[in-house]
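> What follows is a structure written as structure tokens; I'll ask about it next.
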Amino acid sequence: MAFPVDLRRCQVMGLAGTAFLALGGETAGALPARDLLAPASAQAALGLVGVYFGVVLLIAAWALLGRLLRGPEPPTPRALLLVLAVWAAPLLLAPPLFSRDVYSYLAQGAMVDAHMDVYAHGPARLGGPLADEVAPMWRHTGAPYGPAFLGLASALSELTRGEMPAGLLGMRLVALFGVALMAVALPRLARHSGADPAAALWLGALNPLVLLHLVAGAHNDALMLGLLGLGLVAARGRPAVGAVLVTLAALVKAPAALGLPAVVALRVRSGRPPLPAVLITAAASAATTVAATAVAGTGYGWIGALDTPVSPHNWALTSLLGRATGALLEHLGSGLAPLALPAWHLLGLAATAVAVLLIWLRLRPRPVYALGLSLLAVAVLGPAIRPWYVLWGLFLIAAAAPSTSVRHRVAALAGVLALAVLPSGGPADLGQLVLAVSGGALGVVVLWQAHQAHQARQAHRTARAPVPGPVA
């Protein structure tokens with residue numbers, strides 16, 4: 001007998017999941033240093049179990065919601081937007097989860113507000129409480145973000161006067177705004193691509209990675225993707241507006257610049273000549289870049305900051321291969337060991353360029369889908385990867401996937417990655433890993449018990465049902 005599925009059950013289960021996330025994050029999240037508990041403390045351990053219990057409930061609710069979409073009466077896009085709002089609500093005031101990047105955003109915004117060169121210096125130059133909250137590796141590293149985002153972070157710093165609680169809430173609201181833009185763009189992109197708008201919302205906006213990392217983690221990828229999606233929607237009828245929005249997305253985070261060829265392709269696909277589409281896109285993009293940089297006052301140092309170093313613990317494919325090759329060469333006594341990691345990173349960039357070229361040659365008539373696959377290739381083959389990087393491609397694949405099987409594969413990837421990072425954002429030790437697995441197992445047990453209870457109720461009702469007598 002199947003587990004009972006209806007929209008209300010999915011909504012309540014997902015709400016319970018994000019509520020446990022928020023509660024567990026109070027002791028196990030990426031908290032300010034003054035609020036951190038010892039990793040071995042009972043409160044921190046309970047919080048870690050609670051977070052992963054909540055993650056499992058959220059993943060289950062999302063998977064059941066996907067099954068409901070394939071039923072005889074699937075929920076409408078409007079109903080799914082309500083589910084998204086309900087699931088996100090407990091995370092609004094929760095502490096940062098799964099990453100300390102939001103503290104970097106606040107420190108960099110304060111640096112711009114103080115007229116410091118945020119690309120030449122790390123938050124250590126700022127000093128004070130905000131800089132102390134930045135992860136040690138990034139305290140002496142320049143910002144890798146564009147002037148559109150840093151200008152916004154600077155305005156937020158001025159508005160909140162550097163107060164950390166207000167700044168964290170402000171960044172969370174910016175991320176929620178980005179997710180709202182994503183939710184607005186997805187159904188429109190799906191209709192233009194011949195896909196199901198409800199399925200696009202389910203995979204592109206309601207999936208656990210969005211809630212865990214864009215909402216709970218307050219990552220600026222939400223704003224990048226929201227602007228990118230709106231830009232692609234606008235590109236069909238107003239290419240200049242589309243180019244402006246996509247360029248603003250790239251001035252938040254650079255990978256969105258791959259959307260500019262898609263703006264041209266969408267315009268050409270609607271029947272316009274290629275040359276005017278290229279010229280309009282290039283002119284609008286250049287003007288937007290100059291204007292945004294002038295308004296932010298950051299200068300063009302962001303171009304040189306695109307090679308910001310990656311974490312030594314990063315688990316990108318090319319980084320893993322580079323570290324393994326370096327260890328092997330060092331064991332063999334070769335002096336080439338230090339070159340292994342840079343060499344693999346260069347190979348990864350070359351492979352990315354080839355993959356993107358092949359994708360566009362093959363899928364040129366489907367520019368949104370081609371862009372989604374290209375951004376996924378950038379995330380997977382690049383020198384650094386975090387679970388939320390996969391959303392760069394997943395967002396657009398959700399809107400333009402040519403088949404249900406493609407959506408299922410991408411959904412499976414999202415479900416696995418949702419369990420990949422500790423709520424503190426730091427590396428896991430054995431004790432934390434055991435607690436995380438325990439929390440996930442507890443969630444599975446609770447779901448199984450609910451399933452068994454439903455089966456028992458159904459069997460009881462069947463047994464009590466009157467048996468029809470013989471027909472006279």
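The values are calculated or read from the model by the stated rules, or taken from the named source; none is laboratory data. Computed from a predicted structure; not experimentally measured. We place every Cβ from the backbone using ideal geometry, glycine too, and count neighbours over all the protein chains shown. Accessible surface areas use protein heavy atoms only, side chains included; no ligands, DNA or RNA. Shrake-Rupley method; radii C 1.70, N 1.55, O 1.52, S 1.80 Å.
> Would you point out which residue out of Val356, Val378 is at pLDDT 90 or above, of a type in the set (A, V, I, L, M, F, W, C), over 14 Å from the mean Cα position of the chain (by Cα) and within 23 Å of Ala185 (Cα to Cα)?
Val378
> Right, another one. Can you tell me how many residues in the stretch 389-406 are touching a residue at least 60 places away in the same chain (Cβ under 8 Å) and in contact with a Ser or Thr (Cβ under 8 Å, 6 or more places away or on another chain)?
Within the stretch 389-406, residues that are touching a residue at least 60 places away in the same chain (Cβ under 8 Å) and in contact with a Ser or Thr (Cβ under 8 Å, 6 or more places away or on another chain) number 2.
> Starting from the stretch 427-451, take each residue that is over 18 Å from Phe20 (Cβ atoms) and list its partners that are surrounded by 12 or more Cβ atoms within 10 Å (Cβ to Cβ) and at pLDDT below 75, counting only C-beta distances under 8 angstrom and pairs at least six apart or across chains.
Filtered contacts from the stretch 427-451: Ala428/Ala436; Asp429/Pro39; Gly431/Pro39; His451/Phe3.
> Further question: Name, by its number, the condition in (1) open to solvent by 30 Å² or more (accessible area, probe 1.4 Å); (2) free of Cβ contacts under 8 Å to residues at least 60 places away in the same chain; (3) in a helix (DSSP H, G or I) that does not hold for Ala284.
Here Ala284 clears every test but (1).
> Need a quick list: helices (runs of 4 or more DSSP H) entirely within the stretch 331-445 having at least 1 residues that are within 27 Å of Glu133 (Cα to Cα).
Result: 367-381, 391-400, 404-417.
> Based on this model, can you work out whether Gly127 counts as closer than 26 Å to Ala88 by Cβ and either open to solvent by less than 50 Å² (accessible area, probe 1.4 Å) or modelled with pLDDT under 90 (or both)?
No; evaluated as a whole, the condition is false for this residue.
> Return the pairs, sorted by first residue and then second, in which the second residue is part of a helix (DSSP H, G or I) and open to solvent by less than 10 Å² (accessible area, probe 1.4 Å), the first residue lies in the stretch 46-61 and is over 13 Å from Gly29 (Cα atoms) and free of Cβ contacts under 8 Å to residues at least 60 places away in the same chain, the beta carbons are less than 9 Å apart, and the residues are 6+ apart or on different chains.
As it stands, the answer is Ala61/Cys10; Ala61/Gly14; Ala61/Gly17; Ala61/Val83; Ala61/Trp87, since those pairs meet every condition given.
> Test of understanding: among Ala107, Ala120, Ala89, Ala42, which residue is of a type outside the set (Phe, Trp, Tyr), closer than 30 Å to Thr293 by Cα and either surrounded by fewer than 19 Cβ atoms within 10 Å (Cβ to Cβ) or at pLDDT below 90 (or both)?
Only one candidate passes the filter, namely Ala120.
> In the stretch 89-142, what residues are part of a loop (DSSP other than H, G, I, E, B) and among the small types (Gly, Ala, Ser)?
If the condition is that a residue be part of a loop (DSSP other than H, G, I, E, B) and among the small types (Gly, Ala, Ser), then Ala94, Ser99, Ala114, Ala120, Gly122, Gly127, Ala135, Gly142 are the ones that fit.
> Run down Val51, Val83 and say which single residue is part of a helix (DSSP H, G or I), within 17 Å of Phe177 (Cα to Cα), open to solvent by less than 20 Å² (accessible area, probe 1.4 Å) and touching a helix residue (DSSP H, G or I) at 6+ places or on another chain (Cβ under 6 Å). Spell out how you get there, then give the answer.
Numbers: Val51 fails: within 17 Å of Phe177 (Cα to Cα).
Testing whether each residue is part of a helix (DSSP H, G or I), within 17 Å of Phe177 (Cα to Cα), open to solvent by less than 20 Å² (accessible area, probe 1.4 Å) and touching a helix residue (DSSP H, G or I) at 6+ places or on another chain (Cβ under 6 Å) leaves just Val83.
> If you scan the stretch 57-80, which residues turn out to be charged (D, E, K, R) and either open to solvent by less than 10 Å² (accessible area, probe 1.4 Å) or within 17 Å of Leu186 (Cα to Cα) (or both)? Reasoning before the result, please.
Let us first name the residues in the stretch 57-80 that are charged (D, E, K, R), namely 67, 70, 73, 78.
Result: Arg78, single match.
> Check whether at least one residue in the stretch 243-260 is in contact (Cβ under 8 Å) with a residue 40 or more places away in the chain, part of a loop (DSSP other than H, G, I, E, B), basic (Lys, Arg) and open to solvent by 10 Å² or more (accessible area, probe 1.4 Å), and report yes or no.
Within the stretch 243-260 (the criterion being in contact (Cβ under 8 Å) with a residue 40 or more places away in the chain, part of a loop (DSSP other than H, G, I, E, B), basic (Lys, Arg) and open to solvent by 10 Å² or more (accessible area, probe 1.4 Å)), the answer is yes, since at least one residue qualifies.
> Right, something else. For the stretch 188-222, which positions are open to solvent by less than 10 Å² (accessible area, probe 1.4 Å) and either of a type in the set (Val, Ile, Thr) or not in a helix (DSSP H, G or I) (or both)?
Ala205, Leu206, Asn207, Val210, Val215, Ala216, Gly217, Ala218, His219, Asn220
> Let me ask another. For the condition crowded, with 21+ Cβ neighbours inside 10 Å and small (Gly, Ala, Ser), what is the one hit in Ala412, Ala384, Ala398, Ala355?
The match here is Ala398.
> For the condition touching a Phe, Trp or Tyr at 6+ places or on another chain (Cβ under 6 Å), open to solvent by less than 20 Å² (accessible area, probe 1.4 Å), in contact (Cβ under 8 Å) with a residue 60 or more places away in the chain and part of a helix (DSSP H, G or I), what is the one hit in Leu225, Leu150?
Details: Leu150 fails: touching a Phe, Trp or Tyr at 6+ places or on another chain (Cβ under 6 Å).
Result of the check over Leu225, Leu150: Leu225.
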